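Reading through the structure tokens given below for one structure.
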Amino acid sequence: MTRREFVSLAGGTAVAWPLMAQAQQQTGPIPRIAYLGASSPAIATREIEQFKVGLTENGLIDGQNIKVDYLWGEGSPDRLRQHAADLAKRSLSVIVTAGPQPVRALLEAKVSSPIVFAILSDPVSDGFVQSLARPGGNLTGLSMVGTDLESKRLQILRDGVPTVTKVMLLHDPTMGSTIGLEEAKSNARGLGLEVLVGEVADIDKLADIFTEGVRQNVNGVAGLASPFLNFNRKQLVELSFQYRLPSIWEATAYVRDGGLISYGPSFPDMYRRSAGYVAKILKGTKPSELPVQQPTRFELAVNLKTAKTLGVTLPVSLIGQADEVVE
């Protein structure tokens, strides 16, 4: 647990004591909540921990005044769709999820329960909401749209490892919108970087993608935002390491697993904030009346052990700015 997460947990617990007392006094049916994850409990441990912190901060105690069921796709689109179909048959107060694949699965299953997404790249372009200010429909949550994260990551990679001249952009085609990919390609060229796009949708072809990248003289990797990439992050990091490719990723978890650099919003913090939407919906507010919010906390992480193995010397200024340094 990082210091930031500990402070959040301690503060949330202190705030929640009066609310816990209120929770114990609740009468009537207990609201039922479902969480549908694209990955697995092991991959999303920190996010779920902070989601629970957020529930506690809002006086929602699992097993006392709410009941939360956790369902996982385990990286399988078919399993995700099956879970969504099962949820469509249930009477639920709220469904919480993250990423376009589970949101799309829930909508295709015609789920009528309110949906809160803890993380989405661009819900407007994906057609999930009408606008950030007025979502419409039965879903709302937190989005990374407008944060220009893919371009910022490329800038950090180039500044951190100036020897990178051709970067492979790992893109998950199941994400839906290609706006992030097109912006990344455009900004990469603006930074003087050549680009090769690696379409990542099949775990059995990950090694082939890296082999082809090296054959085409790629000397750097940037993973675009994707639950599928995150689910397979250990293998992706290992392949980057195997081919001695400096890499940058969307989340700190990649760096803890051996990736060189990561930059992006704090996903655990976004999960914590998503619990606030749950609380408001349980109090009667419609999802369509709750504007989509954006991340407020961003994290930079570097792995000096990986840098040493790759023979890369990261700038002191970059290390100094990092929220987390793995040594």
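The values are calculated or read from the model by the stated rules, or taken from the named source; none is laboratory data. Since the structure is predicted, the reported quantities are computational estimates derived from the model, not experimental observations. For neighbour counting, all protein chains shown are included, and Cβ atoms are generated from backbone atoms with ideal geometry for every residue, glycine included. Accessible surface is based on the protein model in full, side chains and every heavy atom, while ligands, DNA and RNA are left aside. Shrake-Rupley method; radii C 1.70, N 1.55, O 1.52, S 1.80 Å.
Remarks
- The range 228-244, subset farther than 15 Å from V218 by Cβ and in contact (Cβ under 8 Å) with a residue 40 or more places away in the chain, residue surrounded by the fewest Cβ atoms within 10 Å (Cβ to Cβ): N232
- Some residue of the range 109-117 being crowded, with 17+ Cβ neighbours inside 10 Å, touching a residue at least 12 places away in the same chain (Cβ under 8 Å), within 18 Å of P265 (Cβ to Cβ) and not basic (K, R): yes
- Residue within the range 193-216 that is open to solvent by 30 Å² or more (accessible area, probe 1.4 Å), on the phi > 0 side of the Ramachandran plot and not aromatic (F, W, Y) present: no
- Taking the criterion of being closer than 17 Å to L229 by Cα and buried (at least 22 other Cβ atoms within 10 Å of the Cβ), the residues of the range 65-96 that qualify are G73, L80.
- Candidate set from the range 153-184 (those that are among the charged types (D, E, K, R) and not in a helix (DSSP H, G or I)); member that is least open to solvent (accessible area, probe 1.4 Å): D172
- For beta carbons closer than 9 Å, sequence separation of 6+ or different chains, a first residue in the range 122-140 that is closer than 8 Å to V292 by Cα and of a type outside the set (D, E, K, R) and a second that is open to solvent by 50 Å² or more (accessible area, probe 1.4 Å) and not in a loop (DSSP other than H, G, I, E, B), the qualifying pairs are L132/Q293; P135/E289; T140/E289; T140/Q293.
- Only one of the numbered conditions (1) in contact with a helix residue (DSSP H, G or I) (Cβ under 6 Å, 6 or more places away or on another chain); (2) closer than 29 Å to Y243 by Cβ is not met by M144, and that is (1).
- Residue among A222, A251 that is closer than 20 Å to M175 by Cα, aliphatic (A, V, I, L, M), crowded, with 24+ Cβ neighbours inside 10 Å and within 11 Å of the chain's Cα centre (by Cα): A251
- Entirely in the range 185-258, the strands (runs of 3 or more DSSP E) that have 1 or more residues that are under 20 Å from Q101 (Cβ atoms) and of a type in the set (A, V, I, L, M): 194-199
- Just so you know, in the range 27-64 the residues that are in contact with a helix residue (DSSP H, G or I) (Cβ under 6 Å, 6 or more places away or on another chain) and among the small types (G, A, S) include one that is surrounded by the most Cβ atoms within 10 Å (Cβ to Cβ), and it is A38.
- For A188, the criteria (1) at pLDDT below 95; (2) closer than 29 Å to T306 by Cβ; (3) small (G, A, S); (4) within 21 Å of the chain's Cα centre (by Cα) hold in every case but one, which is (4).
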